[in-house]
Amino acid sequence: MNIKKQFLIATALITLSSACIPINSSAEKTHTVTIMGYNAEETPIAVLTVPHGSSVDLSEYENSPALNYHDNEYTQVGFGQWSEYPETVTEDIIIHALSVKMTIECSGKPSKTEYYSKKGKVNTNGLKVIITKYAQLPEKDENGSFITDIEVTDISDACTTVPAVIDKAFLIGNKASVSIIPPNSNRAIVTYDINYFDGLGDADENGIVDASDASEILKYYAMFLTGSAPELTEQQKLICDVDRNNIIEASDAAMVQLYYSALMTSHEEISWDDILT
């Protein structure tokens, strides 16, 4: 075999061998995993380069300050879940953090603000404090936005009233401020004013509520009906307007008579709060 022929054969073998050499591992296929916060328009939390077929660990981002914060003093935003969590990465993907927002609010204040006795508890009837939970779900609506599940919980009964008893509220003076504090908090969700009114129904202002006071109120009522309105001070008007409807009328006299009868027949101490509630 001549030298030229031997050279051609050797060249062919080298070419064939080189075709069988595996691709260098440095050219391994990778994918880009983009991790987004709650706002898709903001800068991504992280951009990862992940080898094809590998898993991705997102747990380190779940406690990120970007995903856990107070929107205001009554609204807290925290991480809920990821829009997806692939076992293996086989393509470029964008993963969105989905939020859980908790908002606490007072949608109704206690209706009772005037007291006629300094005994018992502060009345919180009418109070309504709610927590609204907004949880984003991985599913999307027809507009391509993540669906939000809304859950409302009434926590009124779990709130703390400060002060809780009337005698402490009116320890100094006849006006007081009451705070309603949600559970696991030291900040009031609502604060409102209450007052103590002494002498309700004591129309003749002799310190005793009895049948003569009912008669006095009826006398005033008759004067209003005949057009000769009595000259009453603001204090006297408040004393005689027992049902607090801003009118002195026969029903106020009836309430005084009811209160007096209860005083005479009950073996327990009676207050106007017992009669009017």
* Structure fact -> Quick P(r) readout (the stretch 91-212; Cα-Cα; 10 Å bins; whole %) gives 11, 28, 22, 15, 11, 7, 4, 2, 1, 0
* Structure fact -> In Å, the C-alpha Rg and Dmax of the chain are 38.8, 146
* Structure fact -> Per the rule of 0.36 nm per residue minus the C-alpha distance, extending residue 42 to residue 186 adds in nm 48.5 nm
* Neighbour net charge for residue 271 - beta-carbon separation under 15 angstrom, K R +1, D E -1 -> -4
* Under the rule of -39500 (n - 2.57) per DSSP H run of 4 or more residues, summed and divided by the residues of the chain, what mean residue ellipticity at 222 nm is obtained, to the nearest 500 deg cm²/dmol? -> -7000 deg cm²/dmol
* Asked: What angle do you read, to the nearest 10 degrees and between 0 and 90, between the alpha-carbon axis of helix 250-265 and the longest principal axis of the chain?
  -> 80 degrees
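Before I look further, what does the chain give for accessible area per residue, probe 1.4 Å, in whole square angstrom? Don't skip to the end; give the middle numbers.
Values: 17450 Å² over 277 residues.
Using a 1.4 Å probe on heavy atoms only, each residue of the chain averages 63 Å².
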* **Environment charge at residue 169 (Cβ cut-off 14 Å; Lys +1, Arg +1, Asp -1, Glu -1)** => +2
* Structure fact -> If R0 = 51 Å, then residue 264 and residue 70, at their Cβ-Cβ distance, give a FRET efficiency to the nearest 0.05 of 0.30
* How big is the stretch 142-277 in terms of Cα radius of gyration and Dmax, in angstroms? -> 22.2, 75
* For the chain, which whole-number percentage of the solvent-accessible area (1.4 Å probe, protein heavy atoms only) is attributable to carbon and sulfur atoms? -> 52 percent
* Asked: Between residue 151 and residue 277, what is the label-to-label distance in nm when each label sits 7 Å out along the Cα-to-Cβ direction?
  -> 3.4 nm
* **Whole-Å distance, taken between Cα centres, linking the stretch 31-93 and the stretch 198-220** => 72 Å
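Quick check: convex hull of the Cα atoms in the stretch 142-204, volume per residue, rounded to a whole Å³?
Convex hull of Cα atoms, per residue: 173 Å³.
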* Using the beta-carbon distance between residue 91 and residue 130 and R0 = 30 Å, what value does 1/(1 + (r/R0)^6) give for FRET efficiency, to the nearest 0.05? -> 0.10
* To do: Provide the gained length on full extension for the span residue 55 to residue 205, in nm with one decimal, where the gain is 0.36 nm per separating residue minus the Cα-Cα distance.
  => 45.6 nm
* To do: Compare 29, 133, 219 by solvent-accessible area with a 1.4 Å probe and give them largest first, with all protein chains kept in place.
  => 29, 219, 133
* To do: Excluding residue 155 itself, calculate the net charge of residues whose Cβ lies under 13 Å from the Cβ of residue 155, where each Lys or Arg counts +1 and each Asp or Glu counts -1.
  => -2
* Taking 0.36 nm per intervening residue step and subtracting the Cα-Cα distance, what contour gain separates residue 219 from residue 179 on full extension? -> 10.2 nm
* Structure fact -> Here D for the stretch 193-264, in µm²/s, from Stokes-Einstein with a Kirkwood Rh over Cα pairs at 25 °C and 0.890 mPa s, works out to 201 µm²/s
* Structure fact -> Relative contact order in percent for the chain (Cα pairs under 8 Å, 6+ apart) equals 11 percent
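The values are calculated or read from the model by the stated rules, or taken from the named source; none is laboratory data. If you're wondering where the values come from, they're calculated on a predicted model, not measured in any experiment. Ideal geometry is used to build each Cβ from the backbone, glycine not excepted, and the neighbour counts take in all protein chains shown. Heads up: the accessible areas ignore ligands, DNA and RNA and are worked out on the full protein's heavy atoms, side chains in. Shrake-Rupley method; radii C 1.70, N 1.55, O 1.52, S 1.80 Å.
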